[in-house]
Amino acid sequence: MSENKKLREEKRLAKQKKRKRRRIKRAVVLIAEILILLALCGAAYVMAKYDKFQTVTFSKGDIQSNEGVKQEGYMTVALFGGDSRNGQLEKGAHADTIILASIHHDTKEVRLASVYRDTLTQQVSGKIQKANYAYFAGGPKDAINMLNKNFDLDIQDYVTVDFKALADVVDLLGGIELEVTDQEAKEINNYIDETGTVTGKKATHLTNGGTLKLDGVQAVTYARIRKNVGGDYKRAERQQKVIAKVVEKAKTMDLKTINKIINKVFPQISTSFSLADMIGLASGALDYKLIETTGFPMESMNGRVDKVGSVIVPVGLVENVQELHQFLYPKEEVKEVSDTVKSIAEKIETLTGITRDKLNDPSADISKSSHSTAGEEKK
C-alpha cells in the first residue's frame, strides 16, 4: 500500500472511531437523561401521594438513644403493625407486630428482626413491662425510645401499618400462597370472623391445611394467630413469611396495581419520614434486597410477672443485645453494650430470677431464634 493510501485509510478509521465515540456519548447522555427523568417522575409521584400518609413530626429531643450509640453505615427503622379498630395509629393502639429493619447505605441489604411483643423490657417511665405496652402507652415516640433504650439502637424513624392495610395489599395482589398446617387452619377459622368484621371484608373459612392461596383476611389472621401454634415465636415467623411473600409478589406489580395499592393503603399508614426522606427511599426502592430475618430475644424463656402477665424473658439481655447487633449490623465493629442495657439486664434478672446460668440447666426450657434467609426458613 502506498504512503498516500495508508494515510487516507488511517484518517478514515480515525473518523469512524470519532463518530462511534460520539454515538456512544449520545447514547450515554440519553440513558442518563432517561434515568434522571424516571427519578424526577418517581419523586413527583411520591410528592403527589405523600399527603395521603398519617404523618408525625418529632420535635428535637423527642427521640433519645443511649450515650455513645451510633450505627455507622446503617439506617435502622422501627416497623409496627397496629391493631387499631378505627384507623387511629397513635397512642392507644397496640403494636401486634414490632420489627427492626436495618438498611445498609451502600449495599442496600435489608435485615429484619421481629421483637416478640411479650418481651420483657424497661419502658420510658422506668417500669418493666411487655415490649408492645410502649406503643399503647405513648404511641410511636415511646415505642422507639423503648427500643433504643433496651437494645442500644439509634432509631429515628418509624412506619406503622394498620392490619387492615395488609389485608388490602394482599387482596390487590391477588392473594399470596402459603403452607398452612391443619392446626393453623383451625386457629385461622377461630379468629377469621373477627378479622373480617374489623377490616370490613368477607371472611372465608378454610376447609383444611396445605399449600393454600390466602386472601387478605385469611393472610392477616394467619399472621396474628399465636394460641396453640407456637405462641409469640411462631407468630413472628408467620408475620415474616407474609411480609416476604408480599414483597416477592409486589416486585411483579404493574403501575396500575401500584397506584391502586397506594391510594387505598397510604391513608392507613403512619410515619415520621419527611417528604424528602420518602423521595430518597423511593428512588432506590429497586435496589433493596431482603437478606435475612430473625426473632428477638435470640435466647429466651417463658415466664410470668406479677401485674404484667405472661412474658418472654431474655436469657441474658446483654448477650442477646450483642447477638442482635451482630445480626443487624454485620459490617459494624463489635462493641460493648451500654451501661443502660447492663442496668436493665440486672433489673430483669432480679425480677424474674432467670440468668445465663439457666443455659447449662438441662431442665430449663430455653427457646432460641433461628435466622432465615430472604424470608424462607433454613432447612
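Express the relative contact order of the stretch 226-379 as a whole percentage, based on alpha carbon pairs under 8 Å and six or more residues apart in sequence.
Contact order relative to length: 29 percent.
Choose one of T221, A250, I269: the residue whose Cα lies farthest towards the positive end of the charge dipole of the stretch 198-291 (beta-carbon charges +1 Lys, Arg; -1 Asp, Glu; about the Cα centre).
The Cα lying farthest towards the positive end belongs to T221.
Taking other Cβ within 10 Å of each residue's Cβ, how do Y135, Y288, Y329 sort, fewest first?
Y288, Y329, Y135
Count neighbours as other Cβ atoms within 10 Å of each site's Cβ, and list the GluC sites (Glu not before Pro) in the stretch 287-370 that are DSSP loop with at most 10 such neighbours.
Answer in residue order: E333.
Once the dipole of the stretch 173-214 is set up with Lys and Arg at +1 and Asp and Glu at -1 on Cβ about the Cα centre, which of H205, G174, I188 lies farthest towards its positive end?
It is G174, whose Cα lies furthest towards the positive end.
Treat the count of other C-beta atoms within 10 Å as a stand-in for reagent exposure and order I348, I354 from fewest to most.
Ascending number of Cβ neighbours within 10 Å: I354, I348.
Using 7 Å Cα-to-Cβ label points, what is the S125/Y288 separation (nm, one decimal)?
Each label point is offset 7 Å from its Cα along the Cβ direction, giving 3.4 nm.
What's the FRET efficiency of S343 with S363 using the Cβ-Cβ distance as r and R₀ = 30 Å, to the nearest 0.05?
Between S343 and S363 the formula returns 0.55.
Read-outs: derived from the displayed coordinates by stated rules, not from any lab. For clarity, every value in this text was computed on a predicted model and none was experimentally measured. Neighbour counts run over all protein chains shown; Cβ positions are idealised from the backbone, glycine included.
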